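Some notes on the structure that comes next.
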């Protein structure tokens, strides 16, 4: 999801912290095509440090961060250029692989420390059936992972949305493809696609993931007003959300097979809801690394018609789709 790293976010930082942040941004361009897996990133970027005052975790000191980023940047260049000896040493020592999405290293290294109270007593997802707005109001702005069973089951989208419906929608509305490229965002994960138009141009055999075809999984945000008007004829914001809640003007769609998103956190401004339209998906949640000692991993499975509510800014999360199934979800933010 979109990120806004403005100078205002770093007001009050020390000179050393500001210098380190600027170094991260400058080096980030060298990390676009190279990086580390998010699980390794968590371990590399943070170290556990106990202090007498807070008994908690702290970010690496600025000089350590700079050394770490420099090493990773050099390692990335070595791997991209395929320098055998350096590549072997680096990969053997710290497991670097060129699969990091752009900016994750900077985001992870500069995110705020989490208050572990948000996950301290969470052992499992909180499940609701037939939830009403009145019953939900006490949980509405909680960081507790929640699963609303069947909350989207009556949406027309459940019967209508699929790859071909979305493809036809974007092909018939002028400027729809360009809006994703110019105003919104496309997430192509491990696929080779560069644009949404490429996604909607794949052969039918790959759409259906027939034998011999490569799996695919993509997501994108919808900014085009005509596209949103059509989509909202088939679903609306969940009716249990507070009437006075602020809602994002941008909705996301995620569609594809097998591995969904790798372990990550989102850099968004609000809480998230995601409705499972097609397929079954298993979510795995991990607390922030500074909370590993007091919080537990959480895992749960969603079915078509379920809605997940999650603070994706604090819970690391990945998803995996049942073998052979196509997953399709719609998602947005509220707060």
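The values are calculated or read from the model by the stated rules, or taken from the named source; none is laboratory data. Please read all numbers here as calculations on a predicted model, not as lab measurements. Note that each Cβ is placed from the backbone with ideal geometry, even for glycine, and that neighbours are counted across all protein chains shown.
Taking residue 113 as the residue in question, decide whether it is surrounded by fewer than 19 Cβ atoms within 10 Å (Cβ to Cβ), part of a loop (DSSP other than H, G, I, E, B) and touching a residue at least 40 places away in the same chain (Cβ under 8 Å). It is true that residue 113 is surrounded by fewer than 19 Cβ atoms within 10 Å (Cβ to Cβ), part of a loop (DSSP other than H, G, I, E, B) and touching a residue at least 40 places away in the same chain (Cβ under 8 Å). Residues of the range 164-190 that are in a loop (DSSP other than H, G, I, E, B) and either under 12 Å from residue 255 (Cα atoms) or free of Cβ contacts under 8 Å to residues at least 12 places away in the same chain (or both): 174, 188, 189. If you check residue 209 against the conditions, is it touching a strand residue (DSSP E or B) at 6+ places or on another chain (Cβ under 9 Å) and either closer than 19 Å to residue 327 by Cα or at pLDDT 95 or above (or both)? Yes, satisfied.
Contact annotation: residue pairs with Cβ atoms under 6 Å, 6 or more positions apart or on different chains, pairing a residue in the range 206-217 that is in the same structural domain as residue 192 (by TED's automatic domain parsing) and within 14 Å of residue 258 (Cβ to Cβ) with a partner that is in a strand (DSSP E or B) and at pLDDT 95 or above, are 209/257; 215/257; 216/256; 217/256. Of all residues in the range 248-269, those that are farther than 22 Å from residue 288 by Cα and at pLDDT 85 or above total 10. Does residue 240 satisfy the criteria of being over 30 Å from residue 140 (Cβ atoms) and in contact with a helix residue (DSSP H, G or I) (Cβ under 6 Å, 6 or more places away or on another chain)? In short, no.
Would you confirm, using the coordinates I've provided, whether residue 229 is within 21 Å of residue 169 (Cα to Cα), touching a residue at least 40 places away in the same chain (Cβ under 8 Å) and surrounded by fewer than 20 Cβ atoms within 10 Å (Cβ to Cβ)? No: the conditions fail for residue 229. Every test in (1) at pLDDT below 95; (2) surrounded by 18 or more Cβ atoms within 10 Å (Cβ to Cβ); (3) under 18 Å from residue 332 (Cβ atoms) is passed by residue 188 save one, and that test is (3). The selection criterion, being touching a helix residue (DSSP H, G or I) at 6+ places or on another chain (Cβ under 9 Å) and either at pLDDT 95 or above or surrounded by fewer than 18 Cβ atoms within 10 Å (Cβ to Cβ) (or both), does not hold for residue 75. Just one residue in the set 159, 167 is at pLDDT 80 or above and surrounded by fewer than 17 Cβ atoms within 10 Å (Cβ to Cβ); that residue is 159. State yes or no: is residue 201 part of a loop (DSSP other than H, G, I, E, B), under 21 Å from residue 168 (Cβ atoms) and free of Cβ contacts under 8 Å to residues at least 24 places away in the same chain? Taking the combined requirement at face value, the residue satisfies it.
Selection of the range 126-154 for residues being touching a strand residue (DSSP E or B) at 6+ places or on another chain (Cβ under 9 Å), assigned to a loop (DSSP other than H, G, I, E, B) and within 12 Å of residue 307 (Cα to Cα) yields 130, 131, 145, 150, 151, 152. In the set (1) closer than 23 Å to residue 166 by Cβ; (2) buried (at least 22 other Cβ atoms within 10 Å of the Cβ), the condition left unmet by residue 249 is number (2). Residues in the range 293-327 that are over 22 Å from residue 241 (Cα atoms), crowded, with 17+ Cβ neighbours inside 10 Å and touching a helix residue (DSSP H, G or I) at 6+ places or on another chain (Cβ under 9 Å): 295, 316, 318, 326. Just one of the listed residues (255, 277) is surrounded by 21 or more Cβ atoms within 10 Å (Cβ to Cβ), closer than 14 Å to residue 222 by Cβ and in contact with a helix residue (DSSP H, G or I) (Cβ under 7 Å, 6 or more places away or on another chain), namely 255.
Among the candidates 238, 287, single out the residue that is touching a strand residue (DSSP E or B) at 6+ places or on another chain (Cβ under 8 Å) and crowded, with 22+ Cβ neighbours inside 10 Å. The match here is 287.
Quick grid of which residues meet (1) over 27 Å from residue 115 (Cβ atoms); (2) over 16 Å from the mean Cα position of the chain (by Cα):
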{"position": "232", "(1), (2)": "yes, yes"}
{"position": "241", "(1), (2)": "no, yes"}
{"position": "256", "(1), (2)": "yes, no"}
{"position": "291", "(1), (2)": "no, yes"}
{"position": "309", "(1), (2)": "no, no"}
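Among the candidates 245, 275, the residue that is part of a strand (DSSP E or B) and either over 20 Å from the mean Cα position of the chain (by Cα) or modelled with pLDDT of 90 or more (or both) is uniquely 275.
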